[in-house]
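I have placed the structure first, in the form of structure tokens, so that the comments after it can refer back to it.
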Amino acid sequence: MSFIHFFDLLGTFAFAISGALLGVKKRMDIYGLFVLALAVAMGGGTIRDVMLGSTPPLVLKDPRYLLVVVFAVLLVAYFNSGVRRRGEYLTVADAIGLGIFTFIGASKGLSAGLDWYGILLIAVLTSTGGGMIKDLLAGEIPLVLRKEVYASASLVGGVVFLGLNAMGVHSGLNAFGTSLVVIGIRLFTLRASLNLPRARL
């Protein structure tokens, strides 16, 4: 298994945890937890693969992705009664998934030969597409459409990826650098209550 493949599975696990935790918050049954976990963990990557012409999507060719999602759901379901700070865990898991999938999306875009703007678009789509599907299924306004710093954190991460890649930084270091920047921005802006400006009505 390559490093990027392992990193992708790690991001899948983090996003699946966030989806399952949202299902718990919405008082869904085990199937509802699985649907939300599957949507957020695989939605963005599936859309990306289809757009890049990589079909069938990787998640349909490698059973480890589904197994990771199932494991995450069972983990949340089993330890749910002992988790008292679900909101914090959900936020952290979602931020980790956002950071990792930003790198994965940018890396896939680079491998597909896209120009810089295409790489940025694929990076943001990969990291936010699944979350949008998850939020809609849960009856919430998607995070990317709210005032919070979410998609813009992924966009900054995409720029960091391009910068590190241009400097010839090893993909492993690029993965950690890009992901940490996105995770840091997301968590810091939440803690500091920093939001994007809204249009005046």
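Where a number appears in this text, it was derived from the coordinates with a stated rule and is not lab data. Just so we're clear, the structure is a prediction, and the values are computed from it rather than from any experiment. For neighbour counting, all protein chains shown are included, and Cβ atoms are generated from backbone atoms with ideal geometry for every residue, glycine included.
Observations on the structure shown:
- Kirkwood Rh, Cα atoms: Rg over Rh of the range 1-81: 1.01
- Applying a DSSP loop filter and a limit of 15 other Cβ atoms within 10 Å to the trypsin sites (Lys or Arg not before Pro) in the range 169-201 leaves ARG198, ARG200.
- Just checking the listed ones, VAL40, VAL182, VAL144: in the Gaussian network model of the chain with Cα springs under 10 Å, the one fluctuating most is VAL144.
- Note on VAL159 and LEU67: their simple-model spin labels are 4.0 nm apart, each label 7 Å out from Cα toward Cβ.
- Filtered chymotrypsin sites (Phe, Trp or Tyr not before Pro), the range 106-165: DSSP coil and at most 13 other beta carbons within 10 Å: none
- Between SER152 and VAL50, the simple spin-label model (points 7 angstrom out along Cα→Cβ) gives 3.0 nm.
- Extended-chain gain in nm, criterion 0.36 nm per residue less alpha-carbon gap, GLU140 and ARG191: 16.2 nm
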